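Q: First the structure, which I've put down as structure tokens, then a few questions once you've had a look.
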């Protein structure tokens, strides 16, 4: 049975902290609905009873930023792959703040200093719903991957910026992401 919550209380905050992976979904007015897995340590912060943020590292696409420029709707979903079966969805309005832009530095204090920082997505949560996770399989967590950090370190800051210009300036649907706007 689904249950609505007024806020991210201590119990929900602890549940979020225990999950090694979460998913984000966004969509523009046309084109694809994007669903992305996230989960490296130090990339998610609960900033208040109705506010979360996540560090968006450089990747093969930049759909979240493109979608949020056109439509601020975003959903974060956490599901327990171990322990009691639970699914938590946070529905809200998100804004993407690019590295080096106003507000990024203040929010960056909440995250690990990982290479390839591209944006922080700040989410004002307007609905919090838990439901059973009876259909979610039990799985063992083997550990974090270090591939992305090693790749970004090898590229260096200049290489990352060049990658953004080449691969992250437009979404898969050709929407501007804002990652390479002039500072």
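Q: Given (1) in a loop (DSSP other than H, G, I, E, B); (2) in contact (Cβ under 8 Å) with a residue 40 or more places away in the chain; (3) within 25 Å of residue 41 (Cα to Cα), identify the lone condition not met by residue 102.
A: (2)
Q: Checking the structure you have, find out if any residue of the range 22-40 is in a loop (DSSP other than H, G, I, E, B), under 26 Å from residue 158 (Cα atoms) and within 13 Å of the chain's Cα centre (by Cα).
A: Step one: list which residues in the range 22-40 are in a loop (DSSP other than H, G, I, E, B), which gives 28-32, 39-40.
Imposing the further condition that a residue be under 26 Å from residue 158 (Cα atoms) reduces the set to 39-40.
Among the residues that remain, those that are also within 13 Å of the chain's Cα centre (by Cα) are: 39-40.
Checking the range 22-40: at least one residue is in a loop (DSSP other than H, G, I, E, B), under 26 Å from residue 158 (Cα atoms) and within 13 Å of the chain's Cα centre (by Cα).
Q: Now for a separate question. Do we find that residue 135 is in a helix (DSSP H, G or I) and exposed (fewer than 15 other Cβ atoms within 10 Å of the Cβ) in this structure?
A: no
Q: Residues being farther than 16 Å from residue 35 by Cα, touching a strand residue (DSSP E or B) at 6+ places or on another chain (Cβ under 8 Å) and part of a helix (DSSP H, G or I): count how many of those fall in the range 67-81.
A: Result for the range 67-81: 1.
Q: Just name the residue that is surrounded by the most Cβ atoms within 10 Å (Cβ to Cβ) out of those in the range 82-92 that are in a strand (DSSP E or B) and touching a helix residue (DSSP H, G or I) at 6+ places or on another chain (Cβ under 9 Å).
A: 90
Q: Take the residues in the range 1-59 that are closer than 17 Å to residue 73 by Cα and at pLDDT below 95; name whichever of them is surrounded by the most Cβ atoms within 10 Å (Cβ to Cβ).
A: Only one residue fits best here, namely 28.
The values are calculated or read from the model by the stated rules, or taken from the named source; none is laboratory data. Keep in mind it's a predicted model, so treat the numbers as computed, not measured. Methodologically, a virtual Cβ is constructed for each residue, glycine included, from the backbone with ideal geometry; neighbour enumeration extends over all protein chains shown.
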